[in-house]
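Input: one structure, supplied below.
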Amino acid sequence: MTRTTRAGIGIYAGLIVILMALGAVVLVLGGGYLLTLGGSPYYVIAGLFYLIAAVLFVSRQAPAALIVAGMAILTALWAWWETGGDGWDMLPRLTAPLLLCLLLSFAIPRFRRLHETSGGALMALPLAFVVGLAIWGAAFAVGAQEGQSATADVGQREVETVSLAGVSETEWRAYGGTNSATRYTTLDQITPENVEQLELVWEYHTGDMPSEEAGNSYSPENTPLVVNDTVYVCSAMGIVSAVDPGTGQERWRYDPAVAPQSIPYGATCRGVAYVDGSTQTAAGDVPEDGDVPDDGNATAEDETPVVADDDLCATSIIWGTLDARLLAIDAATGEPCPRFGSAGSVNLLEGLGETVPGWYAMTSPPTIVNGIAVVGAQVKDGQAEDAPSGVVRGYDARTGELAWAWDMGAPDRTGAPPAGETYTRGTPNMWTIAAGDDDLGLVYLPMGNSSVDYYGSNRSEAENAYSTALVAIDVATGTVAWSFQTVYNDVWDYDLGSQPTLVDFPTDGGTVRAIILASKQGDMYVLDAETGEALTGVEEREVPQGGVEPDYLSSTQPFSTWNTLAQPDLTERDMWGISLFDQLYCRIQFREASYEGIYTPPTSDTHWIQYPGYNGGSDWGSLAIDPVRGIILANYNDMPNHNRLIPREEADAAGLRAINEPGAEEVTYLGEAGPQVGAPYAIDVNAGWRVPFTGLLCSEPPYGGLRAIDLATGETLWDRPFGTARRNGPFGLPTFLPAEIGTPNNGGAVVTAGGVAFLAAATDNLFRAVDISTGETLWSVVLPAGGQANPFSFEADGRQFIGIMAGGHHFMETPVGDSVLVWALP
């Protein structure tokens with residue numbers, strides 16, 4: 001551009017025209033490539049018109065303004081047509097054209113001096129901005145109206161039979177309220193009419209914050225217990241505290257002194273288990289006082305001595321640590337239980353064979369059924385086929401003696417392996433929380449995948465049978481009572497993360513004891529708790545074939561007719577971003593990738609799209625159920641992943657090695673990559689499918705929702721986006737927008753008899769009260785950190801309390817904290 005032209009146009013206007021020209025070139029080149037892939041022609045057309053307009057502006061031709069204005073209005077109309085008039089979906093399509101009109105409008109005085117007779121043409125720029133903005137606003141208004149109709153009041157619901165067996169009343173005795181895991185409390189002081197009066201009663205700080213050595217790895221996910229007038233809190237590193245339920249004052253504290261090197265994927269303690277005096281001793285004799293040697297594993301911050309007292313550990317707290325110890329301490333004093341294992345500690349590494357810190361860790365609480373503490377563990381994903389076993393074990397809850405071990409690779413053995421042998425390596429594990437039924441004597445294990453998630457041809461028959469399955473184990477013998485598999489030959493990391501829920505389910509023949517299981521795919525299965533028979537529809541459907549393992553993949557998969565997601569397959573139109581440019585980038589990625597709908601086979605020559613992604617549907621937050629109103633409440637994620645299998649030679653060249661290998665690195669230029677040593681491929685996972693330069697997701701919102709489902713029929717009663725954009729935005733910058741865009745969410749809900757559900761879970765750091773009948777948010781408060789944990793409710797001194805741990809979450813990118821907060825009515 002010459003000096004004369006630059007002076008004529010003006011510096012400001014000249015810069016805008018230059019930026020428009022550069023953007024036009026990107027649209028022409030990228031849009032042209034997208035067109036060759038079979039994509040939308042809009043981008044190349046728009047790029048050509050903007051390029052022509054830039055030339056006309058430089059040559060002082062008045063039609064330039066008309067072209068820019070016309071493209072803005074045409075883009076608004078195209079955006080409405082392509083999105084169906086959804087305001088959030090129109091965002092990337094409209095921001096750049098409208099912003100360009102606005103910026104050029106400020107240069108109208110300069111352009112007018114150059115074109116004395118073109119004032120009308122130049123005024124088309126602000127007019128186009130106003131018209132485009134109006135079209136956009138109308139789309140938001142239409143969307144809001146549709147959202148209201150989707151949350152119509154379902155009123156007070158009645159069910160034929162209501163059983164409150166296994167429902168939490170004045171206490172919160174297990175992770176899900178009770179072992180039935182309904183997350184329902186009969187407390188009813190808090191109602192839709194008075195919930196706005198809630199006041200913060202106390203806030204307790206665990207003091208457990210990340211050290212420099214721990215880095216950005218904290219994800220506490222803790223749900224405290226409330227038993228016998230005491231709140232039991234477990235911090236990210238497994239520090240257990242007893243707190244006064246009325247005041248939040250600490251009574252005692254026990255620190256197991258877990259080293260940061262033991263942190264697996266994240267520092268997590270979802271909860272502890274309570275063992276009361278009525279628990280029957282189920283295995284072996286109790287050792288005499290003083291007969292148990294101290295192996296040095298159980299330590300306390302205050303060096304609390306082990307006391308051999310008949311009253312010690314009449315009631316106890318047991319939990320597992322990140323360094324694979326099962327610990328038991330006195331519920332009243334926090335002192336180690338001398339008659340449990342070795343001075344209050346059981347070494348969970350026994351029988352596992354080779355392992356290193358961080359590879360095998362306990363992040364979920366034991367489930368106590370008929371005196372047996374059932375223990376699973378997290379085996380770090382994607383490292384190696386020769387990983388520690390996923391064995392599930394049952395220990396006497398009073399003595400710590402091994403009662404049984406379910407090793408799927410050794411079905412004829414129910415105890416520990418013989419000396420010199422190990423539990424079967426690399427088998428699927430249960431990292432999440434089990435449910436249990438004392439009357440049936442069964443514990444229900446939501447199983448994960450084999451140690452290598454994204455390759456299956458080397459798996460054993462037992463792995464193929466129990467991977468991604470709900471397995472019912474007889475706690476008296478440790479043998480399988482029944483199993484129900486939700487994915488055949490799973491190579492998508494669709495492990496079962498949700499704790500299942502036990503309910504009395506209405507059928508034509510009367511009520512049946514049933515177990516409800518939610519999956520990451522959004523499927524929700526209702527099974528007979530005694531037999532595993534499906535009580536609602538399950539269909540076998542054909543799924544895509546091919547990929548790198550065509551002979552391994554199953555030709556069909558089971559689909560439930562009850563689904564919390566029920567979303568159509570992705571299309572190019574579903575691609576998103578903050579502007580035309582990152583949306584174009586995502587459209588190109590979509591067209592380049594392999595995608596044939598759910599269960600698209602993994603590929604190595606190109607990326608493939610996994611939808612839902614491994615954080616889709618329901619995860620460890622699980623379901624909450626109102627058995628009186630007959631409503632299932634499910635918060636869910638709705639995001640794809642963008643993955644690629646990495647051939648072994650390429651993975652080795654990139655330095656991808658398992659964590660037990662010298663010089664191993666878990667993060668390389670390949671992003672969230674797992675080495676999968678022993679398999680022909682490593683795996684590169686873009687969780688949420690993000691745009692690299694803005695950090696936004698490639699798919700359109702909402703990314704998370706909250707849905708109420710009829711317990712008797714599976715029909716959706718209401719469904720709404722869940723989570724505001726107040727803390728989210730491009731480049732990691734918060735937008736402070738209060739609009740419910742629907743964010744990713746992890747953590748579940750609590751439902752109260754008063755008709756109010758409480759949950760946080762979303763990435764906006766808000767703790768909400770929701771009307772169970774309508775889905776309307778009745779009350780919210782800003783938490784001091786992320787609320788990626790399940791709330792709890794209890795009664796103390798005649799008052800109903802609602803609490804949650806605001807501990808934050810590294811994966812959800814919410815601020816880390818150490819607060820437990822509790823509210824009540826005045």
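Go through the range 217-247 and count every residue that is outside any strand (DSSP E or B), of a type outside the set (S, T, N, Q), open to solvent by less than 50 Å² (accessible area, probe 1.4 Å) and within 24 Å of ASP797 (Cα to Cα).
So in the range 217-247, the residues outside any strand (DSSP E or B) come out as 217, 219-224, 228-229, 235-239, 244-247.
Cutting the leftovers down to of a type outside the set (S, T, N, Q) gives us 220-221, 224, 229, 236-239, 244-246.
Those left that are additionally open to solvent by less than 50 Å² (accessible area, probe 1.4 Å): 220-221, 224, 236-239, 244-246.
Narrowing the set further to residues that are within 24 Å of ASP797 (Cα to Cα) leaves 224, 244-246.
Adding up the residues that qualify gives 4.
Could you identify the single residue in ASN464, ASN449 that is out of contact with any helix residue (DSSP H, G or I) (no Cβ under 8 Å at 6 or more places or on another chain) and in a loop (DSSP other than H, G, I, E, B)?
Working: ASN464 fails: in a loop (DSSP other than H, G, I, E, B).
Answer to the selection: ASN449.
Let me ask something additional. Of the residues ILE515, ILE578, ILE588, which single one is under 26 Å from ALA651 (Cα atoms) and either at pLDDT below 95 or surrounded by 17 or more Cβ atoms within 10 Å (Cβ to Cβ) (or both)? Before you say what the answer is, go through the steps one by one.
Details: ILE515 fails: under 26 Å from ALA651 (Cα atoms); ILE578 fails: under 26 Å from ALA651 (Cα atoms).
It is ILE588.
Same structure, new question: Just the residues that are under 30 Å from TYR254 (Cα atoms), in contact with a Gly (Cβ under 7 Å, 6 or more places away or on another chain) and open to solvent by 40 Å² or more (accessible area, probe 1.4 Å), please, taken from the range 180-215.
GLU203
A follow-up question, please. Listed residues ARG573, ARG541; which is open to solvent by 20 Å² or more (accessible area, probe 1.4 Å), at pLDDT 95 or above and in contact with a helix residue (DSSP H, G or I) (Cβ under 6 Å, 6 or more places away or on another chain)? Don't jump to the end; show me each part of the working.
Details: ARG541 fails: in contact with a helix residue (DSSP H, G or I) (Cβ under 6 Å, 6 or more places away or on another chain).
That would be ARG573, the only listed residue that is open to solvent by 20 Å² or more (accessible area, probe 1.4 Å), at pLDDT 95 or above and in contact with a helix residue (DSSP H, G or I) (Cβ under 6 Å, 6 or more places away or on another chain).
Here are some conditions: (1) at pLDDT 95 or above; (2) open to solvent by less than 70 Å² (accessible area, probe 1.4 Å); (3) part of a loop (DSSP other than H, G, I, E, B). SER163 meets all but one. Which one does it not meet?
It is condition (1) that SER163 fails.
So which residues in the range 394-428 are closer than 30 Å to THR315 by Cβ and without any contact (Cβ under 8 Å) to a residue 24 or more places away in the chain? Steps first, please.
Keep residues of the range 394-428 that are closer than 30 Å to THR315 by Cβ, which gives 394-406, 414-416.
The one that is closer than 30 Å to THR315 by Cβ and without any contact (Cβ under 8 Å) to a residue 24 or more places away in the chain: GLY415.
Within the bounds of the range 7-25, is there any residue that is touching a residue at least 60 places away in the same chain (Cβ under 8 Å) and within 28 Å of VAL142 (Cβ to Cβ)?
Within the range 7-25, the first condition is being touching a residue at least 60 places away in the same chain (Cβ under 8 Å), and the residues that meet it are 8-10, 12-13, 16, 20, 23.
So of that shortlist, the ones also within 28 Å of VAL142 (Cβ to Cβ) come out as none.
Taking every residue of the range 7-25 in turn, none turns out to be touching a residue at least 60 places away in the same chain (Cβ under 8 Å) and within 28 Å of VAL142 (Cβ to Cβ).
Now for a different question. In the range 476-504, which residues are among the aliphatic types (A, V, I, L, M), assigned to a loop (DSSP other than H, G, I, E, B) and open to solvent by 10 Å² or more (accessible area, probe 1.4 Å)? Spell out how you get there, then give the answer.
Going residue by residue through the range 476-504, those that are among the aliphatic types (A, V, I, L, M) are 476, 480-481, 487, 491, 496, 502-503.
Narrowing further to those that are assigned to a loop (DSSP other than H, G, I, E, B): 476, 487, 491, 496.
Matches in the range 476-504: ALA476 only.
Is there a residue in the range 550-569 that is within 30 Å of TRP718 (Cα to Cα), aliphatic (A, V, I, L, M) and surrounded by fewer than 19 Cβ atoms within 10 Å (Cβ to Cβ)?
yes
Additional query: For residues that are modelled with pLDDT under 60 and either of a type in the set (Ser, Thr, Tyr) or surrounded by 18 or more Cβ atoms within 10 Å (Cβ to Cβ) (or both), tally how many sit in the range 118-153.
3
Is one or more of the residues making up the range 595-618 modelled with pLDDT of 95 or more, surrounded by 23 or more Cβ atoms within 10 Å (Cβ to Cβ) and among the charged types (D, E, K, R)?
Checked against the condition, which is being modelled with pLDDT of 95 or more, surrounded by 23 or more Cβ atoms within 10 Å (Cβ to Cβ) and among the charged types (D, E, K, R), the range 595-618 yields no hits at all.
Still on this model: Quick one: how many residues across the range 191-216 are out of contact with any Ser or Thr (no Cβ under 6 Å at 6 or more places or on another chain) and in a loop (DSSP other than H, G, I, E, B)?
14
Something else: Name the strands (runs of 3 or more DSSP E) wholly within the range 687-791 that hold at least 1 residues that are open to solvent by 10 Å² or more (accessible area, probe 1.4 Å)?
On the way: elements: 704-710, 716-721, 749-752, 756-759, 766-771, 777-782.
Filter on the range 687-791 gives 704-710, 716-721, 766-771, 777-782.
If you don't mind, another one. Out of all the residues in the range 352-365, is one or more open to solvent by 10 Å² or more (accessible area, probe 1.4 Å) and of a type in the set (Val, Ile, Thr)?
yes
Restricted to the range 396-421, and to residues that are in a strand (DSSP E or B) and open to solvent by less than 10 Å² (accessible area, probe 1.4 Å), which residue is farthest from GLU461 (Cα to Cα)? Don't jump to the end; show me each part of the working.
Kept after step one, since they are in a strand (DSSP E or B), are these residues of the range 396-421: 396, 402-406.
Next, from what is left, pick out any that are open to solvent by less than 10 Å² (accessible area, probe 1.4 Å): 396, 404-405.
Numbers: ASP396: 30, TRP404: 22, ALA405: 19 Å.
If we take residues in the range 396-421 being in a strand (DSSP E or B) and open to solvent by less than 10 Å² (accessible area, probe 1.4 Å), then ASP396 is farthest from GLU461 (Cα to Cα).
Sticking with this structure for a sec: Confirm whether TYR525 is open to solvent by less than 50 Å² (accessible area, probe 1.4 Å), of a type in the set (Phe, Trp, Tyr), under 15 Å from ALA469 (Cβ atoms) and at pLDDT 95 or above.
Numbers: open to solvent by less than 50 Å² (accessible area, probe 1.4 Å): yes; of a type in the set (Phe, Trp, Tyr): yes; under 15 Å from ALA469 (Cβ atoms): yes; at pLDDT 95 or above: yes.
Judged against the criteria, TYR525 is a match.
Here is a follow-up. Within the range 248-257, track down each residue that is among the small types (Gly, Ala, Ser) and either open to solvent by less than 30 Å² (accessible area, probe 1.4 Å) or over 22 Å from ALA267 (Cα atoms) (or both). Reasoning before the result, please.
Applying the first criterion (among the small types (Gly, Ala, Ser)) to the range 248-257 yields 248, 257.
GLY248 - this is the single residue of the range 248-257 that is among the small types (Gly, Ala, Ser) and either open to solvent by less than 30 Å² (accessible area, probe 1.4 Å) or over 22 Å from ALA267 (Cα atoms) (or both).
Right, something else. Is there any pair linking a residue in the range 259-277 that is among the acidic types (Asp, Glu) to one that is at pLDDT 95 or above and assigned to a loop (DSSP other than H, G, I, E, B), with Cβ under 7 Å and at least six apart or on different chains, and which?
Taking only residues 6 or more apart or on different chains, the pairs are ASP276/THR315.
The values are calculated or read from the model by the stated rules, or taken from the named source; none is laboratory data. Please read all numbers here as calculations on a predicted model, not as lab measurements. Virtual Cβ from ideal backbone geometry, glycine too; neighbours counted across all protein chains shown. Accessible surface areas use protein heavy atoms only, side chains included; no ligands, DNA or RNA. Shrake-Rupley method; radii C 1.70, N 1.55, O 1.52, S 1.80 Å.
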